[in-house]
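Read the structure below first, then the notes.
The values are calculated or read from the model by the stated rules, or taken from the named source; none is laboratory data. Bear in mind the structure is a predicted one, so any value in this text is a computation, not a measurement. Neighbour counts are summed over all protein chains in view; Cβ atoms, including those assigned to glycine, are modelled from backbone coordinates with ideal geometry. When the accessible area is computed, the model is the full protein with side chains, heavy atoms only, and any ligands, DNA or RNA have been set aside. Shrake-Rupley method; radii C 1.70, N 1.55, O 1.52, S 1.80 Å.
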Amino acid sequence: MQCLKDGVRICRTTFRSGRWLWARHSSTKLFVGGLSYDTNEAVLKDAFGRHGEIIEVKVICDHVNGRSKGYGFVRFTSETTATIALKEMDGQMLDGRNIRVHYAHRGSQLGSQVQAL
């Protein structure tokens, strides 16, 4: 079970002695889906950079033809700015497409998979 509290994911993780233990999951890394195949990293950085300082932007491309797979990742310097960007950008139009924005999960392809939730 997951729920949002103040923009931070809270997951019920373990049942112990008749009580659930809650783990706080938050992230500076966002998944951005529904991208146009023409959207590049500069466009993504410009769109999300309005909400805070960005560390890294990555549009995932096919390794054979180099074409975008339609999704990417944006990593912010703080959880607060990532949360603001998620709330402001989810469902917005970018390059003619409605994008979906979520917190990135463990194993996502940004950088060296630095931050495991």
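Odds and ends about this structure:
- Qualifying residue in the range 88-95 (condition: in contact with a helix residue (DSSP H, G or I) (Cβ under 8 Å, 6 or more places away or on another chain), open to solvent by less than 10 Å² (accessible area, probe 1.4 Å), modelled with pLDDT of 95 or more and hydrophobic (A, V, I, L, M, F, W, C)): no
- Residues that are of a type in the set (Gly, Ala, Ser) and open to solvent by less than 40 Å² (accessible area, probe 1.4 Å) were ranked within the range 25-46; the one that is farthest from the chain's Cα centre (by Cα) is 36.
- The set of residues in the range 36-68 being basic (Lys, Arg) and modelled with pLDDT under 95 consists of 67 alone.
- Look at the range 81-98: where a residue is over 15 Å from residue 45 (Cα atoms) and in a helix (DSSP H, G or I) and a partner is open to solvent by 70 Å² or more (accessible area, probe 1.4 Å) and not β-branched (Val, Ile, Thr), sitting 6+ places away or on another chain with Cβ atoms under 9 Å, you get 83/6.
- Residue count, the range 47-61 (criterion: assigned to a loop (DSSP other than H, G, I, E, B) and open to solvent by 60 Å² or more (accessible area, probe 1.4 Å)): 2
- Candidate set: the range 99-113, residues that are open to solvent by 90 Å² or more (accessible area, probe 1.4 Å) and assigned to a loop (DSSP other than H, G, I, E, B); chosen: the one modelled with the highest pLDDT: 105
- Pairs where the first residue, in the range 49-75, is of a type in the set (Asp, Glu) and the second is open to solvent by 100 Å² or more (accessible area, probe 1.4 Å), C-beta under 7 Å, 6+ apart: 62/69
- Selection from the range 62-87 of residues that are under 14 Å from residue 29 (Cα atoms), loosely packed, with under 14 Cβ neighbours inside 10 Å and not charged (D, E, K, R): 77, 78
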